[in-house]
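Chemist: Input: one structure, supplied below.
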Amino acid sequence: MAGFSQSSSLIWIYRFTSIMALLAGVCLGGSDSPRGVSLPFVFDLKAVCDPPCRHAGICIRNSTCLCSRGYEGETCQYANCDPKCKNGGACLRPGKCRCPSGLGGKYCEKVACDGGCWNGGECIVVNGHAKCICPSSWTGSKCQEAICPQGCQNGGSCVAPGICSCPEGWLGGACHNAVCKKPCLNGGKCVSPDKCRCRTTFSGLQCEDRKKLF
Ligand SMILES: *[C@@H]1O[C@H](CO)[C@@H](O)[C@H](O)[C@H]1NC(C)=O
């Protein structure tokens, strides 16, 4: 690589020397035209660039570097990636990006969320970090947790969006209905598994007994 850069700068020097020879011929004719303004390059062989031009840049005028392809900046100190590094990646040298964690690919264009995104979640970059964006009914770092907007009561757990898995003795969308295996009679109400609440005039496990009034 170093050999290549050097030989390409030699080619540049050759080209500029040729251009200068041409320009010298032109400029000798009309000496009152302003120098170094309209010409594309004014290449001063005695030019001094301090600090020196880096990355095979050529010092064309005092303190002016002509950078080789892929570099820019006053002393050609900055690598310039084309295409540009995406998602906050830094250009290390032409064509080589350093990517933030969670990002890959030649230009940091590939985003990878550790462990993946489940249930249709999408891995995107937020503030330089890969992150799962979940569909509305899922949550968690990997979108692994379902959301039950109704809530799951009485020890139930949300197993899929809107779906509660209920412990034994409970039913209903939010596990809010108790189950009495033997029905509650005479207008009694099942208030917890196998427990009836009876109307005032009845008693018994199933409210089957009419209370004796006096
Ligand atoms: C460039 O800098 C050198 C040394 O600093 C100086 O001698 C020379 O005159 C300068 N050339 C121009 C064109 O200003």
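The values are calculated or read from the model by the stated rules, or taken from the named source; none is laboratory data. What you see is a predicted model, and the numbers here were worked out from it, not measured in a lab. In this analysis, Cβ positions are derived from the backbone assuming ideal geometry, glycine residues included, and neighbour counts consider all displayed protein chains.
Chemist: Suppose we filter segment 58-97 for residues that are surrounded by 14 or more Cβ atoms within 10 Å (Cβ to Cβ), of a type in the set (Lys, Arg) and more than 30 Å from residue 48 (Cβ to Cβ); how many remain?
Modeler: Matching residues across segment 58-97 total 2.
Chemist: Only one of these is within 16 Å of the ligand (Cβ to nearest atom) and modelled with pLDDT under 90: 20, 1. Name it.
Modeler: That would be 20, the only listed residue that is within 16 Å of the ligand (Cβ to nearest atom) and modelled with pLDDT under 90.
Chemist: For the list (1) at pLDDT below 90; (2) more than 12 Å from the chain's Cα centre (by Cα), I need the number of the one condition that residue 84 fails.
Modeler: It fails just one condition, (1).
Chemist: Suppose we filter 131, 212 for residues that are surrounded by 14 or more Cβ atoms within 10 Å (Cβ to Cβ) and among the basic types (Lys, Arg); which single one remains?
Modeler: So the residue among 131, 212 that is surrounded by 14 or more Cβ atoms within 10 Å (Cβ to Cβ) and among the basic types (Lys, Arg) is 131.
Chemist: Still on this structure: Anything in segment 173-214 that is β-branched (Val, Ile, Thr) and either touching a helix residue (DSSP H, G or I) at 6+ places or on another chain (Cβ under 9 Å) or closer than 29 Å to residue 158 by Cα (or both)? List them, or say none.
Modeler: Within segment 173-214, 179, 191 meet the criteria.
Chemist: Working only within segment 47-68, note down all residues that are assigned to a loop (DSSP other than H, G, I, E, B) and either within 16 Å of the ligand (Cβ to nearest atom) or touching a residue at least 60 places away in the same chain (Cβ under 8 Å) (or both).
Modeler: Those that are assigned to a loop (DSSP other than H, G, I, E, B) and either within 16 Å of the ligand (Cβ to nearest atom) or touching a residue at least 60 places away in the same chain (Cβ under 8 Å) (or both): 47, 48, 49, 50, 51, 52, 53, 62, 63, 68.
Chemist: Here is a follow-up. I'm trying to understand the selection: among the residues of segment 146-160, which are surrounded by 15 or more Cβ atoms within 10 Å (Cβ to Cβ) and within 31 Å of the chain's Cα centre (by Cα)?
Modeler: 146, 147, 148, 158
Chemist: Further, regarding this structure: Restricting segment 108-140 to residues that are within 8 Å of the chain's Cα centre (by Cα) and in a loop (DSSP other than H, G, I, E, B), which is nearest to residue 87 (Cα to Cα)?
Modeler: Out of the qualifying residues, it is 128.
Chemist: For segment 87-118, name all the residues that are among the basic types (Lys, Arg) and under 27 Å from residue 140 (Cβ atoms).
Modeler: 110
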